[in-house]
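A short worksheet on the structure shown next.
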Amino acid sequence: QQPVQSPQAVILREGEDAVINCSSSKALYSVHWYRQKHGEAPVFLMILLKGGEQKGHDKISASFNEKKQQSSLYLTASQLSYSGTYFCGSTNNAGNMLTFGGGTRLMVKP
Amino acid sequence: DTGVSQNPRHKITKRGQNVTFRCDPISEHNRLYWYRQTLGQGPEFLTYFQNEAQLEKSRLLSDRFSAERPKGSFSTLEIQRTEQGDSAMYLCASSLGDRGAFFGQGTRLTVV
(Lines give C-alpha, C1' and ligand atoms only; values in the text may rest on other atoms or scores of the structure.)
Protein backbone atom coordinates (compact mmCIF):
# COMPACT_ATOMS: atom_id res chain seq x y z
CA GLN A 1 0.00 0.00 0.00
CA GLN A 2 1.57 3.24 -1.09
CA PRO A 3 1.82 6.24 1.25
CA VAL A 4 -0.34 9.33 0.76
CA GLN A 5 1.21 12.78 0.43
CA SER A 6 -0.20 16.22 1.06
CA PRO A 7 -0.44 18.82 -0.25
CA GLN A 8 -0.28 17.91 -3.92
CA ALA A 9 1.32 21.23 -4.83
CA VAL A 10 2.90 24.21 -3.09
CA ILE A 11 3.97 27.58 -4.46
CA LEU A 12 6.41 29.60 -2.37
CA ARG A 13 8.39 32.79 -2.55
CA GLU A 14 12.12 32.50 -1.95
CA GLY A 15 12.81 32.47 1.79
CA GLU A 16 9.43 31.04 2.80
CA ASP A 17 8.95 27.74 4.62
CA ALA A 18 7.00 24.64 3.59
CA VAL A 19 5.90 21.36 5.14
CA ILE A 20 5.11 18.22 3.15
CA ASN A 21 3.30 15.37 4.85
CA CYS A 22 3.36 11.65 4.22
CA SER A 23 1.03 9.17 5.88
CA SER A 24 0.11 5.52 5.60
CA SER A 25 -2.78 3.32 6.66
CA LYS A 26 -0.25 0.57 7.43
CA ALA A 27 2.69 0.59 9.80
CA LEU A 28 5.74 2.33 8.42
CA TYR A 29 9.04 0.53 8.84
CA SER A 30 11.13 3.28 7.32
CA VAL A 31 10.47 6.52 5.47
CA HIS A 32 12.53 7.81 2.57
CA TRP A 33 12.41 11.27 1.00
CA TYR A 34 13.39 12.06 -2.59
CA ARG A 35 13.34 15.08 -4.87
CA GLN A 36 12.84 14.86 -8.61
CA LYS A 37 13.45 17.70 -11.02
CA HIS A 38 11.74 17.76 -14.39
CA GLY A 39 13.30 15.29 -16.80
CA GLU A 40 15.62 13.83 -14.18
CA ALA A 41 15.63 10.78 -11.95
CA PRO A 42 14.58 11.04 -8.28
CA VAL A 43 17.45 11.95 -5.95
CA PHE A 44 17.70 10.54 -2.44
CA LEU A 45 17.46 13.15 0.34
CA MET A 46 17.24 11.20 3.58
CA ILE A 47 15.90 8.13 5.32
CA LEU A 48 14.31 7.81 8.75
CA LEU A 49 14.45 4.42 10.36
CA LYS A 50 13.08 4.85 13.85
CA GLY A 51 9.88 6.31 15.14
CA GLY A 52 10.54 9.78 16.43
CA GLU A 53 13.72 10.12 14.47
CA GLN A 54 14.49 13.51 13.05
CA LYS A 55 17.09 14.25 10.44
CA GLY A 56 18.21 17.17 8.42
CA HIS A 57 20.90 18.77 6.40
CA ASP A 58 21.18 22.37 5.37
CA LYS A 59 17.65 23.74 5.64
CA ILE A 60 15.80 20.53 4.80
CA SER A 61 14.80 18.25 7.65
CA ALA A 62 12.29 15.50 8.34
CA SER A 63 10.57 13.79 11.23
CA PHE A 64 8.99 10.36 11.60
CA ASN A 65 6.10 9.67 13.96
CA GLU A 66 5.82 5.89 14.02
CA LYS A 67 2.67 5.82 16.16
CA LYS A 68 0.80 8.17 13.86
CA GLN A 69 2.25 6.37 10.85
CA GLN A 70 3.34 9.62 9.29
CA SER A 71 6.37 11.64 8.35
CA SER A 72 6.87 15.30 7.52
CA LEU A 73 9.50 17.06 5.42
CA TYR A 74 10.37 20.61 6.43
CA LEU A 75 11.92 23.09 4.03
CA THR A 76 12.97 26.33 5.66
CA ALA A 77 14.06 29.56 4.00
CA SER A 78 13.40 27.96 0.63
CA GLN A 79 15.75 28.55 -2.27
CA LEU A 80 15.02 28.46 -6.00
CA SER A 81 16.95 25.17 -6.18
CA TYR A 82 14.36 23.50 -3.94
CA SER A 83 11.84 23.49 -6.77
CA GLY A 84 10.83 20.04 -7.91
CA THR A 85 8.56 17.18 -6.97
CA TYR A 86 9.09 15.59 -3.58
CA PHE A 87 8.26 11.95 -3.01
CA CYS A 88 8.09 10.02 0.20
CA GLY A 89 8.74 6.31 0.08
CA SER A 90 8.04 3.69 2.70
CA THR A 91 9.08 0.12 3.26
CA ASN A 92 6.99 -2.71 4.66
CA ASN A 93 7.67 -4.45 7.93
CA ALA A 94 10.34 -6.60 6.36
CA GLY A 95 12.07 -3.46 5.19
CA ASN A 96 11.79 -4.66 1.62
CA MET A 97 9.28 -3.29 -0.79
CA LEU A 98 9.90 0.43 -1.25
CA THR A 99 6.75 2.12 -2.50
CA PHE A 100 6.22 5.83 -3.22
CA GLY A 101 3.51 8.39 -2.70
CA GLY A 102 2.05 10.43 -5.53
CA GLY A 103 4.40 13.35 -4.95
CA THR A 104 4.18 17.00 -3.93
CA ARG A 105 5.09 19.54 -6.56
CA LEU A 106 7.01 22.46 -5.05
CA MET A 107 7.62 25.66 -6.96
CA VAL A 108 9.82 28.39 -5.46
CA LYS A 109 9.52 31.78 -7.10
CA PRO A 110 11.95 34.72 -6.79
CA ASP B 1 31.64 3.85 -9.66
CA THR B 2 29.43 6.21 -11.62
CA GLY B 3 26.12 5.23 -10.12
CA VAL B 4 23.20 3.26 -11.49
CA SER B 5 23.32 2.83 -15.25
CA GLN B 6 20.35 2.03 -17.49
CA ASN B 7 20.30 1.11 -21.16
CA PRO B 8 18.93 2.07 -23.51
CA ARG B 9 17.91 5.62 -22.55
CA HIS B 10 15.13 5.67 -25.12
CA LYS B 11 13.25 2.91 -26.91
CA ILE B 12 10.58 3.24 -29.56
CA THR B 13 8.85 0.02 -30.47
CA LYS B 14 5.82 -1.12 -32.39
CA ARG B 15 2.86 -2.55 -30.54
CA GLY B 16 3.23 -6.28 -30.12
CA GLN B 17 7.02 -6.32 -30.12
CA ASN B 18 9.12 -7.46 -27.18
CA VAL B 19 11.58 -5.12 -25.46
CA THR B 20 14.33 -5.67 -22.90
CA PHE B 21 15.93 -3.08 -20.66
CA ARG B 22 19.14 -3.41 -18.68
CA CYS B 23 20.12 -1.98 -15.32
CA ASP B 24 23.60 -2.00 -13.81
CA PRO B 25 23.35 -1.11 -10.11
CA ILE B 26 26.02 0.39 -7.88
CA SER B 27 28.43 -2.49 -7.44
CA GLU B 28 28.15 -3.11 -3.68
CA HIS B 29 24.36 -2.68 -3.55
CA ASN B 30 22.46 -5.86 -2.80
CA ARG B 31 18.95 -4.53 -3.46
CA LEU B 32 17.58 -3.63 -6.87
CA TYR B 33 14.18 -2.17 -7.70
CA TRP B 34 12.27 -1.57 -10.91
CA TYR B 35 9.64 1.16 -11.17
CA ARG B 36 7.44 2.60 -13.86
CA GLN B 37 6.66 6.31 -13.91
CA THR B 38 4.23 8.25 -16.05
CA LEU B 39 3.96 12.04 -16.27
CA GLY B 40 2.83 13.64 -13.04
CA GLN B 41 2.80 10.40 -11.06
CA GLY B 42 5.07 8.88 -8.47
CA PRO B 43 7.25 5.87 -9.28
CA GLU B 44 5.03 2.77 -9.40
CA PHE B 45 6.65 -0.30 -7.86
CA LEU B 46 7.14 -3.20 -10.28
CA THR B 47 9.54 -5.65 -8.67
CA TYR B 48 12.40 -6.00 -6.20
CA PHE B 49 15.49 -8.19 -5.90
CA GLN B 50 17.71 -8.90 -2.97
CA ASN B 51 20.90 -10.24 -4.53
CA GLU B 52 19.66 -12.67 -7.20
CA ALA B 53 16.35 -13.49 -5.51
CA GLN B 54 13.19 -11.77 -6.73
CA LEU B 55 11.40 -11.17 -3.44
CA GLU B 56 8.48 -8.99 -4.45
CA LYS B 57 6.46 -8.43 -7.59
CA SER B 58 3.59 -6.02 -7.96
CA ARG B 59 0.22 -7.72 -8.22
CA LEU B 60 -0.66 -5.13 -10.83
CA LEU B 61 2.09 -6.42 -13.08
CA SER B 62 0.82 -8.48 -15.96
CA ASP B 63 2.42 -11.74 -16.99
CA ARG B 64 3.91 -9.93 -19.96
CA PHE B 65 6.49 -8.40 -17.62
CA SER B 66 9.42 -10.41 -16.35
CA ALA B 67 12.65 -9.48 -14.64
CA GLU B 68 15.86 -11.27 -13.83
CA ARG B 69 18.99 -10.53 -11.88
CA PRO B 70 21.43 -13.33 -12.63
CA LYS B 71 24.27 -13.65 -10.12
CA GLY B 72 22.97 -10.68 -8.20
CA SER B 73 24.63 -8.17 -10.48
CA PHE B 74 22.89 -6.45 -13.42
CA SER B 75 19.17 -6.88 -14.01
CA THR B 76 16.97 -7.04 -17.06
CA LEU B 77 13.31 -6.17 -17.44
CA GLU B 78 11.48 -7.66 -20.39
CA ILE B 79 8.08 -6.66 -21.67
CA GLN B 80 6.49 -9.05 -24.11
CA ARG B 81 3.81 -8.12 -26.67
CA THR B 82 4.03 -4.43 -25.81
CA GLU B 83 0.87 -2.34 -25.65
CA GLN B 84 0.43 1.43 -25.94
CA GLY B 85 -0.32 1.55 -22.22
CA ASP B 86 3.20 0.34 -21.52
CA SER B 87 4.59 3.68 -22.68
CA ALA B 88 6.33 5.19 -19.66
CA MET B 89 9.68 5.87 -18.04
CA TYR B 90 11.13 2.70 -16.53
CA LEU B 91 13.38 3.43 -13.57
CA CYS B 92 15.84 1.17 -11.84
CA ALA B 93 17.19 1.87 -8.36
CA SER B 94 19.63 0.11 -6.08
CA SER B 95 20.41 0.27 -2.38
CA LEU B 96 22.57 -1.32 0.28
CA GLY B 97 20.06 -2.88 2.64
CA ASP B 98 17.24 -0.61 3.72
CA ARG B 99 19.17 2.56 3.02
CA GLY B 100 18.60 5.26 0.47
CA ALA B 101 17.86 4.03 -3.02
CA PHE B 102 19.84 5.53 -5.88
CA PHE B 103 18.10 5.81 -9.22
CA GLY B 104 19.35 5.45 -12.76
CA GLN B 105 18.37 7.95 -15.46
CA GLY B 106 15.65 5.62 -16.70
CA THR B 107 14.60 4.13 -20.02
CA ARG B 108 11.83 5.99 -21.80
CA LEU B 109 9.63 3.55 -23.69
CA THR B 110 7.30 4.69 -26.44
CA VAL B 111 4.98 2.11 -27.98
CA VAL B 112 3.56 3.18 -31.32
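The values are calculated or read from the model by the stated rules, or taken from the named source; none is laboratory data. Quick caveat, the model's predicted, so the values are computed rather than measured. Reconstructed Cβ throughout: ideal geometry from the backbone, glycine too, with neighbour counts over all protein chains shown. For the accessible areas, the whole protein counts, side chains as well, though only heavy atoms, and no ligand, DNA or RNA atoms are used. Shrake-Rupley method; radii C 1.70, N 1.55, O 1.52, S 1.80 Å.
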### Task
Just one of (1) open to solvent by less than 50 Å² (accessible area, probe 1.4 Å); (2) under 12 Å from the mean Cα position of the chain (by Cα); (3) over 20 Å from A:GLY102 (Cβ atoms) trips up A:GLY15, so point out which.
(2)
### Query
Based on what the data block shows, is A:LEU28 crowded, with 20+ Cβ neighbours inside 10 Å, away from every other protein chain (no Cβ under 14 Å) and of a type outside the set (Val, Ile, Thr)?
no
#### Entry: Selection within the range B:10-35 - away from chain A (no Cβ under 11 Å) and charged (D, E, K, R)
B:LYS11, B:LYS14, B:ARG15, B:ARG22, B:ASP24, B:GLU28
### Query
Quick check: is even one residue across the range B:49-61 among the aromatic types (Phe, Trp, Tyr) and touching an Asp or Glu at 6+ places or on another chain (Cβ under 7 Å)?
no
### Query
Restricting the search to the range B:74-98, which residues are of a type outside the set (A, V, I, L, M) and either open to solvent by less than 50 Å² (accessible area, probe 1.4 Å) or in a strand (DSSP E or B) (or both)?
B:SER75, B:THR76, B:GLU78, B:THR82, B:ASP86, B:SER87, B:TYR90, B:CYS92, B:SER94, B:SER95, B:GLY97, B:ASP98
#### Entry: Yes/no for A:GLN8 being within 13 Å of another protein chain (Cβ to nearest Cβ), more than 11 Å from the chain's Cα centre (by Cα) and modelled with pLDDT of 95 or more
yes
### Task
With the checklist (1) free of Cβ contacts under 8 Å to residues at least 24 places away in the same chain; (2) open to solvent by less than 40 Å² (accessible area, probe 1.4 Å); (3) over 23 Å from B:ARG99 (Cβ atoms); (4) not basic (Lys, Arg) in hand, flag the one item B:GLY40 doesn't pass.
(2)
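For the range A:67-78, what are the residues that are in contact with a Lys or Arg (Cβ under 9 Å, 6 or more places away or on another chain) and crowded, with 18+ Cβ neighbours inside 10 Å? It would help to see each step written out before you state the result.
The first filter runs over the range A:67-78 and keeps only residues in contact with a Lys or Arg (Cβ under 9 Å, 6 or more places away or on another chain), leaving A:69, A:74-78.
Once the filter is applied, which keeps residues that are in contact with a Lys or Arg (Cβ under 9 Å, 6 or more places away or on another chain) and crowded, with 18+ Cβ neighbours inside 10 Å, the range A:67-78 yields A:GLN69, A:LEU75, A:SER78.
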### Query
Does B:PHE103 fit the bill of being free of Cβ contacts under 8 Å to residues at least 60 places away in the same chain, within 14 Å of chain A (Cβ to nearest Cβ), within 19 Å of A:THR99 (Cβ to Cβ) and buried (at least 16 other Cβ atoms within 10 Å of the Cβ)?
no
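Going by the structure shown, is A:ILE60 in contact with a Leu (Cβ under 6 Å, 6 or more places away or on another chain), without any contact (Cβ under 8 Å) to a residue 60 or more places away in the chain, under 25 Å from B:GLN41 (Cα atoms) and not hydroxyl-bearing (Ser, Thr, Tyr)? Full working, then the answer.
Details: in contact with a Leu (Cβ under 6 Å, 6 or more places away or on another chain): yes; without any contact (Cβ under 8 Å) to a residue 60 or more places away in the chain: yes; under 25 Å from B:GLN41 (Cα atoms): yes; not hydroxyl-bearing (Ser, Thr, Tyr): yes.
For A:ILE60, the condition - in contact with a Leu (Cβ under 6 Å, 6 or more places away or on another chain), without any contact (Cβ under 8 Å) to a residue 60 or more places away in the chain, under 25 Å from B:GLN41 (Cα atoms) and not hydroxyl-bearing (Ser, Thr, Tyr) - is met.
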### Message
Please verify whether B:LEU55 is within 11 Å of another protein chain (Cβ to nearest Cβ), outside any loop (DSSP other than H, G, I, E, B), crowded, with 17+ Cβ neighbours inside 10 Å and not hydroxyl-bearing (Ser, Thr, Tyr), treating the condition exactly as stated.
### Response
no
#### Entry: Matching residues in the range B:65-86 - criterion: being at negative phi and either charged (D, E, K, R) or more than 13 Å from the chain's Cα centre (by Cα) (or both)
B:GLU68, B:ARG69, B:PRO70, B:SER73, B:GLU78, B:GLN80, B:THR82, B:GLU83, B:GLN84, B:GLY85, B:ASP86
### Task
Would you confirm whether any residue within the range B:42-49 is within 17 Å of B:ILE79 (Cβ to Cβ), within 11 Å of chain A (Cβ to nearest Cβ) and polar (S, T, N, Q)?
yes
### Query
Checking B:TYR35 against (1) out of contact with any strand residue (DSSP E or B) (no Cβ under 8 Å at 6 or more places or on another chain); (2) at pLDDT 95 or above, which test does it fail?
(1)
